[in-house]
Amino acid sequence: MRNIDRILLSLICFQLAQAALASAANLNLKNASTIATFDQNGLKFVRDEVSGASVGFDTDDWSLTLDGTTLRSEDSTPQVRRTAPNEMTYSYRLAGYQIDAVYRLNPGWRFVTKQLKVMHTPGSHFTVHQITPLRMKLKEMIGSTFIPSNYEPQIGKTIAETRKSLPGKDYGIFLRLPKNNGAMLVVQNPYLDVKYHDQSVAIAYAPEMQWQASWGTFSSDIACIGPYHLSGQRLPREMVLEWSLPPSSTPDDGMDRAEIAAFTDCVHDFLI
């Protein structure tokens, strides 16, 4: 090979490497405490730079049922673009619909948000039957979970008894992972149905809501995904009911103190 050919080949390889690095950097969102990494199909990794806690995902999907048609993210190849310094948008075209999945990492947040937006529809109105903003498969082995649910101790009901009369009213899920890592997956809706199996988690709700295109963009409730470092200190899952004697020892089958802090901080960031 001539020297000029070697030089040209080296330049091409260098430019390709630089383009790959620039592309990878463009698929990151970062603030002072948190970094989120994406690929062409969605969220791959979230790390809390303060505690070192992290969570990785093999898949990051969603589904929407509109007018009886279920749209799934895995059935389309999205167009990916950075729509703001703190925002990534994935645009999908499915059966005449355009659905955007928008991810944000604002300053001060220790979690990433995900929100689905119905940007275009075949007709002038539609009914939103079910929304599953989070349907994810984790890279790490899930050791245990905690699902905060609707609970009525004030009328003498346990969590199990409450769920029988008020099904499908979860608030999210907290995943306990190796190396004392934890992951919070919640949606800003008090009527959630949380399901998990092995490494997969799905969070859905059923608004059964009619929408007119003339009203503007339909947006799902916001999902929040955040890692934290488990404290190892768990509170009781249930309160001692009124007129009942407390147990001889306090159970530790409820939320870890770090899970309470992560959830509280998340709510706080949206209230202020």
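The values are calculated or read from the model by the stated rules, or taken from the named source; none is laboratory data. None of the values given here were measured: they were computed from a predicted structure. Here the Cβ positions follow ideal geometry from the backbone for every residue, glycine too, while neighbour counts run over all protein chains shown. Accessible surface is based on the protein model in full, side chains and every heavy atom, while ligands, DNA and RNA are left aside. Shrake-Rupley method; radii C 1.70, N 1.55, O 1.52, S 1.80 Å.
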Fill in the blank from the handout: Taking segment 88-102 and keeping only residues that are open to solvent by 10 Å² or more (accessible area, probe 1.4 Å) and either touching a residue at least 60 places away in the same chain (Cβ under 8 Å) or in a loop (DSSP other than H, G, I, E, B) (or both), one is left with A95, G96
Handout entry: Test for E74: is it closer than 30 Å to R176 by Cα, exposed (fewer than 15 other Cβ atoms within 10 Å of the Cβ) and at pLDDT 95 or above
Key = yes
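Can you name every one of the strands (runs of 3 or more DSSP E) wholly within segment 143-237 that holds 1 or more residues which are in contact with a helix residue (DSSP H, G or I) (Cβ under 8 Å, 6 or more places away or on another chain), open to solvent by 70 Å² or more (accessible area, probe 1.4 Å) and of a type outside the set (V, I, T)?
Passing ranges, in order: 223-229.
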Problem - Residue list for segment 117-132, restricted to those being in contact with an Asp or Glu (Cβ under 7 Å, 6 or more places away or on another chain) and under 12 Å from T69 (Cα atoms) - result: F126, T127, H129
Problem - Positions within segment 44-86 being in contact with a Pro (Cβ under 8 Å, 6 or more places away or on another chain), of a type in the set (A, V, I, L, M, F, W, C) and either within 19 Å of S219 (Cβ to Cβ) or assigned to a strand (DSSP E or B) (or both), in sequence order - result: V46, V55, W62
Completion exercise
Counting only residues that are buried (at least 17 other Cβ atoms within 10 Å of the Cβ) and under 16 Å from the mean Cα position of the chain (by Cα), segment 54-71 contains a total of 10
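Can you find, within segment 125-142, the residue that is most open to solvent (accessible area, probe 1.4 Å) among those that are assigned to a strand (DSSP E or B) and touching a helix residue (DSSP H, G or I) at 6+ places or on another chain (Cβ under 9 Å)? Walk me through it before giving the result.
Of segment 125-142, the ones assigned to a strand (DSSP E or B) are 125-138.
If we keep only those that are touching a helix residue (DSSP H, G or I) at 6+ places or on another chain (Cβ under 9 Å) as well, we get 125-126, 135.
Numbers: H125: 113, F126: 9, R135: 65 Å².
Filtering segment 125-142 for residues that are assigned to a strand (DSSP E or B) and touching a helix residue (DSSP H, G or I) at 6+ places or on another chain (Cβ under 9 Å), the one most open to solvent (accessible area, probe 1.4 Å) comes out as H125.
Under the condition of being among the hydrophobic types (A, V, I, L, M, F, W, C) and touching an Asp or Glu at 6+ places or on another chain (Cβ under 8 Å), which residue from segment 33-82 is nearest to I99 (Cα to Cα)?
Here is the first cut: in segment 33-82, the residues among the hydrophobic types (A, V, I, L, M, F, W, C) are 35-36, 38, 43, 45-46, 50, 53, 55, 57, 62, 64, 66, 71, 80.
Right, trim to touching an Asp or Glu at 6+ places or on another chain (Cβ under 8 Å) and you get 35, 43, 55.
Numbers: I35: 25, L43: 16, V55: 26 Å.
This residue is L43.
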